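*Asks:* Dropping a structure here in structure tokens format, bear with me for questions.
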Amino acid sequence: MNRWRWPAVGLFSAAAAVGAVGALPRVLADEPAPSAYAAGAAVFQTNCVVCHGAKGQGQPGLAPPLTVYPSHYITSPEGRRQLAMTVLYGMYGDISVEGQHYNFRMPNFARLDDGALATVLNYVVFDMAHATPEAKPIQPEEIAAERAQSLGGDAVRVHRAALVTALGL
């Protein structure tokens, strides 16, 4: 008669597997949600993370956080322009974000194509700043329209100051 037996190691492995499966939902709950804009995340990691940090939290005295204001900007035409102008032309000079002061010089990223800039902005706005799902993503055509302008980083800061006041930020 051929009897099948569980070896002791097999029983331990089976119990460990059941325990691991039981812990799986807790482990998955601790994982960040997948990015809706994975291509934008890659552009961010390559170009923005060194100043703004991996989660867009900014660095005191160097670069402001990206986790709040972009979700407000996306809701207005001038805010959408601000987002596009900032990545295209950079920005420099004094600004405040949530009571913190920054005097920095953000480089321009005009060397990147319109699609890459749109997707990185959407990553910042939706994945980092958690804009409402009703907000419309930035389109490459919006970047192209701003690219047709010729601005300097100081003009971008001036536009931002008026926008922040208009939005009550």
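The values are calculated or read from the model by the stated rules, or taken from the named source; none is laboratory data. The structure displayed is predicted, hence computed values, not measured ones. Cβ coordinates were reconstructed from backbone atoms using ideal geometry, including for glycine residues, and neighbour counts include every protein chain displayed.
*Asks:* Kindly provide the set of residues from the range 99-142 that are touching a residue at least 60 places away in the same chain (Cβ under 8 Å) and aromatic (Phe, Trp, Tyr), ordered by number.
*Replies:* Selection gives Phe109, Tyr123, Phe126.
*Asks:* When you check Val124 against the structure, is it within 21 Å of Thr46 (Cβ to Cβ), in contact with a Phe, Trp or Tyr (Cβ under 8 Å, 6 or more places away or on another chain) and surrounded by 14 or more Cβ atoms within 10 Å (Cβ to Cβ), yes or no? Spell out the reasoning first.
*Replies:* Working: within 21 Å of Thr46 (Cβ to Cβ): yes; in contact with a Phe, Trp or Tyr (Cβ under 8 Å, 6 or more places away or on another chain): yes; surrounded by 14 or more Cβ atoms within 10 Å (Cβ to Cβ): yes.
Taking the combined requirement at face value, the residue satisfies it.
*Asks:* Looking at (1) in a helix (DSSP H, G or I); (2) at pLDDT 90 or above; (3) more than 24 Å from Leu167 (Cα to Cα), which one does Val87 not meet, given that it meets all the others?
*Replies:* The one condition Val87 does not meet is (3).
*Asks:* Out of the range 92-117, which residues are assigned to a loop (DSSP other than H, G, I, E, B), modelled with pLDDT under 95 and touching a Leu at 6+ places or on another chain (Cβ under 9 Å)?
*Replies:* Glu98
*Asks:* Within the range 118-169, how many residues are among the small types (Gly, Ala, Ser) and outside any loop (DSSP other than H, G, I, E, B)?
*Replies:* Filtering the range 118-169 down to residues among the small types (Gly, Ala, Ser) leaves 118, 129, 131, 135, 144-145, 148, 150, 152-153, 155, 161-162, 166, 168.
Next cut, outside any loop (DSSP other than H, G, I, E, B) only: 118, 144-145, 153, 155, 161-162, 166.
Final tally of qualifying residues: 8.
*Asks:* Look at Thr75 and say whether it is in contact with a helix residue (DSSP H, G or I) (Cβ under 8 Å, 6 or more places away or on another chain) and either farther than 23 Å from Asp154 by Cβ or modelled with pLDDT of 95 or more (or both). Spell out how you get there, then give the answer.
*Replies:* Details: in contact with a helix residue (DSSP H, G or I) (Cβ under 8 Å, 6 or more places away or on another chain): no; either farther than 23 Å from Asp154 by Cβ or modelled with pLDDT of 95 or more (or both): yes.
Criteria not met by Thr75.
*Asks:* Within the range 62-72, is there a residue that is at pLDDT 65 or above, over 18 Å from Ala129 (Cα atoms), surrounded by 10 or more Cβ atoms within 10 Å (Cβ to Cβ) and within 20 Å of the chain's Cα centre (by Cα)? Give the derivation first.
*Replies:* Here is the first cut: in the range 62-72, the ones at pLDDT 65 or above are 62-72.
Then keep just the ones that are over 18 Å from Ala129 (Cα atoms); that gives 62.
Still in the running and surrounded by 10 or more Cβ atoms within 10 Å (Cβ to Cβ): 62.
Remaining after also requiring within 20 Å of the chain's Cα centre (by Cα): 62.
Yes, the range 62-72 contains at least one residue that is at pLDDT 65 or above, over 18 Å from Ala129 (Cα atoms), surrounded by 10 or more Cβ atoms within 10 Å (Cβ to Cβ) and within 20 Å of the chain's Cα centre (by Cα).
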